[in-house]
Amino acid sequence: MALAARDTLRLGGAGGDIVVFLASGQVEESVTDATGKVLLTRRPAPGDLVILPAPRTGDRYVTNIYGLTDAVLLTLDRDGMLEGLGSEVEKVALMLDRLWEQELSAAAAAEAQTASRTAAPIVAVFSAKGGAGTTTLAINTAAALARKYPRQVLLIDLAAPFGHAALFADLIATGSVASATKASEVDFESVLRGNIVNHKTGMGVLPGTLRPEEVDTMTGERVGRVLDVVVAWQKLIVVDLGTSLAEAALAVIERAECLVIVVPPEIAAMTDARRSIAIFRDIMNVPDHRMELVLNQRSPHPPLDRAAVESILGRKMSVVVGFDDSRPEDSTLAGGLVLQHDPNSAVSRGASDIARVILTSLKLDG
């Protein structure tokens, strides 16, 4: 379908019955409600899916696709999808419905963020050892923080080379920091906002990359540019660094007002944890009061207890997270976070405790 420059294509509740992709050119997509109020706008890149209102919404929402230049749209109706996908078409329809729910959440988040124009403090979550449960704790902590600040907490997933925050939250990632940095200067902020996927707990998730080969594009300068923008939209920024001390991670740590260091009670992890803390304190000049240590017990019988870990590291643990068996993984398989499915589990209680420590550290616990 050809869309001439300055022409507008108007689509109602066609989601699930038609799929639209931008093949070439530049367009601006806007979603309005029944009163004509613009809820959100997008500028998809060639190859991107244009997300349409779900059929069950009827005529409550309208998508307008405006041609910024001459453009070509590829459309596939339900009969075409049925012919090409067979019985899988229902799964695709459900996925499109979930994408639309994420769009509605994005609109609500944008409205809440507009009402709160303050520079958000940054919280970095790091572990010197892989498999320490850093992402599990980071995303559940962000969800716990969103209870106090709904739709004003953003989790940025910079764990490399494979970030799993969106997967753990059962969200469909449609963009990333890496893809946003490829946008033009004028489109950068709108593309970046469009790449945030919003979770039902009230937090937003922004993947750093969607493909491993994009890791090399994550420079400190680019990540700094992203932070400059998102701190104006949110109340709190949580950044999952995983085990990375690459340029992008260092750029975050330098700006973080709180650095959460996840430590597993394992002998091999002690040396790495001590070295990391020394780097933060002696080289990066991170004050002791900005570092919060979390002991995450990932096994039922850890080789080191709390007293031993504190003695080796010479620091007190701010939070101890008990062994939680497979509950976090079971919750992911069930389509959500353990904080949602089992609020009384060890990880849920630990994430809530970490959230309280962060709020106290940032003096936001009033």
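Here, each number is a calculation from the coordinates, and none is a lab measurement. Note that the structure is predicted; figures quoted are calculated from it, not measured. Because the Cβ atoms are built from the backbone with ideal geometry, glycine has one as well, and the counts that use them run over all protein chains shown.
Sort Met284, Met291, Met1 by Cβ crowding within 10 Å, fewest neighbours at the top. Show your work: numbers first, answer last.
Working: Met284 14, Met291 21, Met1 11.
Sorted ascending by nearby Cβ count, the order is Met1, Met284, Met291.
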What does the convex hull of the alpha-carbon atoms of the range 202-244 project to on average, in nm²? 3.7
Would you please name the trypsin sites (Lys or Arg not before Pro) within the range 120-201 that are DSSP coil residues with at most 16 other C-beta atoms within 10 Å of their C-beta? Lys182, Lys200
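First measure r as the distance between the Cβ atoms of Glu189 and Met95, then evaluate 1/(1 + (r/R0)^6) with R0 = 22 Å and state the FRET efficiency to the nearest 0.05. The partial results should precede the final answer.
Values: r = 27 Å, r/R0 = 1.24.
Computed FRET efficiency for Glu189 and Met95: 0.20.
By how many nm would the segment from His301 to Thr217 grow when fully extended, if each residue of separation counts as 0.36 nm and the alpha-carbon distance is taken off?
Values: separation 84, 0.36 × 84 = 30.24 nm, distance 4.07 nm.
Roughly 26.2 nm would be gained on extension.
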Using Cα centres only, tell me the gap between the range 202-272 and the range 123-176 in whole Å. 10
Give the long-range amide H neighbours of Val263: residues separated by 5 or more places, or on another chain, with amide H under 5 Å away, using H modelled in the peptide plane at 1.01 Å from N. Val294, Leu295, Asn296
Residue among Ala34, Val263, Met291 farthest towards the positive dipole end of the chain, charges placed on Cβ: Met291
Evaluate the distance, in nm, between pseudo-label points positioned 7 Å from the Cα of Thr69 and of Ala119 along their respective Cα→Cβ axes. 3.7
Within the set Thr209, Thr35, Thr134, GNM on the chain using Cα springs under 10 Å gives the largest fluctuation to Thr35
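When the convex hull of the C-alpha atoms of the chain is computed, what volume per residue in Å³ does it have?
Values: hull volume 53.0 nm³, N = 366.
Enclosed volume per residue, from the Cα hull, is 145 Å³.
Pull out the extension gain between Ala5 and Asp77, defined as 0.36 nm times the separation in residues minus the alpha carbon to alpha carbon distance; nm, one decimal.
23.5 nm
Please arrange Ser276, Ser326 by counting, for each residue, the other beta carbons lying within 10 Å of its beta carbon, fewest first.
Least to most surrounded, the residues fall as Ser326, Ser276.
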Given Cβ point charges of +1 (Lys, Arg) and -1 (Asp, Glu) and nothing else, what value in debye, to the nearest 20, does the dipole of the range 118-361 about its Cα centre take? 580
Once phi is turned into ³J(HN,Hα) by the Karplus curve 6.51 cos²θ - 1.76 cosθ + 1.60 with θ = phi - 60°, what whole-Hz value does each residue of the range 238-252 show in order, with x for glycine and proline? 10, 10, 7, 8, x, 9, 6, 10, 6, 4, 5, 5, 5, 4, 6
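Rounded, prolate or oblate, given the Cα gyration tensor of the range 235-346, with a/c below 1.5 counting as rounded?
oblate
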Quick one: Asp187, Asp305, fewest Cβ neighbours within 10 Å first, how do they rank? Asp305, Asp187
